[in-house]
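Asker: To start, I am sharing the structure in question, which I have written as structure tokens.
The values are calculated or read from the model by the stated rules, or taken from the named source; none is laboratory data. This one's a predicted model, so the numbers in the text were calculated from it and none came from an experiment. Cβ coordinates were reconstructed from backbone atoms using ideal geometry, including for glycine residues, and neighbour counts include every protein chain displayed.
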Amino acid sequence: MNYTRSTRYKAIAFALTGFLCFSLADAMGKFLTREMDVFALNFWLSGISVLVLLAAGPWLGGLRATLRTRQRRWHLIRAVLTGFIPLLNFYALAHMPLVNFYTIVFTAPFFTVIFARFMLGERTHAQSWFLIALGFIGVLIALRPSPATFGWPELAVLASALLFSVRNLTVAKMGKQETMLSYGLYGYGAIVLFSAPPVLMDFHLPPTDAWPLLIAAGILVSVGLVIFSLAFRLAPAAIVAPTHYSQMIWGMVLGLAVFNDWPDFWDIAGGAVVMFCGFWLVVGERWALRRIKDPARPPGT
């Protein structure tokens, strides 16, 4: 399939907007952890997202086609992984600055390359291994781990990044015939089910002042998911994927504006190393695939 320049720009714009929606929802979720525990927060937020997705279902492939999927096993695996991810994320967000949170989140592309070798049999180049190692060094620079600075919140978001990378690889196993609705509905539905038991055992409605943020965050993650999915349908993943690193910028801006979290030199330096390595990991893999298809093609073209 040929991708025009305008189509690529449109895909990048969609992806950047999607990640902005996700970042805003993360900031709202971090704020809401002051009033709600992670199970209640995930239950209500994901419930709102499910309602928004169902309302938009006719434009996202339709509910009937979504339920007729032949990839139930992979959707189940993906749903289970999705169920754990936000619980880990919101626990971490409640105890650490946004910029540090995103620094660890950005280890996900490194995990993706590692696991793709075993799950999909994809070849990993020496340059990629170097960038993976350097990226993890960037995380160490930013966090300067010690018993006082690296604890359960940091381990939680690291586990989330690992699960996120495995979850993304399941999409390759399902193929492209699945509806866009399926990628959100099964996942957010799983989060509701995972969060329901502790919420229902001590059921009470969220505080009145929490509802505006809950509704806004639920709409944001749903809209973000839709336009993010559109981005991947408009252009190859190698073009869209580097936009993920825009969340580091949003993390710094929102951390400063909302939570007064000032990143220090090491936070910025380590985050920059992670962003650089992740970006070139994606771009380098794209160039390597092009060279395999066309050995005469010069690098970077």
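Asker: Inspect all residues belonging to region 7-27 and state whether any of them is modelled with pLDDT of 90 or more, more than 23 Å from LEU163 (Cα to Cα) and of a type outside the set (Asp, Glu).
Answerer: Checked region 7-27: at least one residue is modelled with pLDDT of 90 or more, more than 23 Å from LEU163 (Cα to Cα) and of a type outside the set (Asp, Glu).
Asker: Which residue is nearest to LEU51 (Cα to Cα), if the candidates are limited to region 169-199 and must be modelled with pLDDT of 85 or more and among the aliphatic types (A, V, I, L, M)?
Answerer: LEU185
Asker: Under the condition of being over 23 Å from the mean Cα position of the chain (by Cα) and surrounded by 15 or more Cβ atoms within 10 Å (Cβ to Cβ), which residue from region 65-75 is farthest from LEU169 (Cα to Cα)?
Answerer: For region 65-75, the residue satisfying everything is ALA65.
Asker: Where residues in region 149-205 are among the basic types (Lys, Arg) and outside any loop (DSSP other than H, G, I, E, B), which of them is nearest to THR82 (Cα to Cα)?
Answerer: ARG167
Asker: Tell me, please, whether a residue that is surrounded by fewer than 18 Cβ atoms within 10 Å (Cβ to Cβ) and basic (Lys, Arg) can be found in region 76-88.
Answerer: Scanning region 76-88, I find no residue that is surrounded by fewer than 18 Cβ atoms within 10 Å (Cβ to Cβ) and basic (Lys, Arg), so the answer is no.
Asker: Which of the following residues is surrounded by fewer than 22 Cβ atoms within 10 Å (Cβ to Cβ), in contact (Cβ under 8 Å) with a residue 60 or more places away in the chain, on the phi > 0 side of the Ramachandran plot and not polar (S, T, N, Q): GLY57, GLY47, GLY62?
Answerer: After ruling out the rest, the residue left standing is GLY62.
Asker: So GLY18 clears everything in (1) of a type in the set (Gly, Ala, Ser); (2) farther than 15 Å from HIS244 by Cα; (3) touching a residue at least 60 places away in the same chain (Cβ under 8 Å) except one condition, right? Which one?
Answerer: The one condition GLY18 does not meet is (2).
Asker: For residues that are aliphatic (A, V, I, L, M) and over 13 Å from PRO109 (Cβ atoms), scanning just region 126-146, find the one that is surrounded by the most Cβ atoms within 10 Å (Cβ to Cβ).
Answerer: Step by step, filter region 126-146, then rank; the result is ALA142.
Asker: To continue, here is another question. Hey, LEU32 hits all of (1) over 19 Å from LEU193 (Cα atoms); (2) over 21 Å from the mean Cα position of the chain (by Cα); (3) not small (Gly, Ala, Ser) but one; which does it fall short on?
Answerer: LEU32 satisfies all of (1) over 19 Å from LEU193 (Cα atoms); (2) over 21 Å from the mean Cα position of the chain (by Cα); (3) not small (Gly, Ala, Ser) except (2).
Asker: Restricting attention to region 236-255, which residues are aliphatic (A, V, I, L, M), at pLDDT 70 or above and more than 28 Å from LEU51 (Cα to Cα)?
Answerer: MET248, ILE249, MET252, VAL253 - these are the residues of region 236-255 that are aliphatic (A, V, I, L, M), at pLDDT 70 or above and more than 28 Å from LEU51 (Cα to Cα).
Asker: Hey, another quick one. Which count do you get for residues in region 155-195 that are under 15 Å from ALA116 (Cα atoms), more than 18 Å from the chain's Cα centre (by Cα) and among the charged types (D, E, K, R)?
Answerer: The total comes to 1.
Asker: Please determine, by comparing only the residues of region 106-128 that are hydroxyl-bearing (Ser, Thr, Tyr) and assigned to a loop (DSSP other than H, G, I, E, B), which one is modelled with the lowest pLDDT.
Answerer: Ranking the qualifying residues of region 106-128, first place goes to THR124.
Asker: Further, regarding this structure: Could you please find all residues in region 49-105 being of a type outside the set (S, T, N, Q) and not in a helix (DSSP H, G or I)?
Answerer: Residues satisfying the conditions are ALA56, LEU60, GLY61, GLY62, ARG68, ARG70, ALA94, HIS95, MET96, PRO97.
Asker: Can you find, within region 206-219, the residue that is farthest from GLY29 (Cα to Cα) among those that are in a helix (DSSP H, G or I) and of a type outside the set (A, V, I, L, M)?
Answerer: THR208
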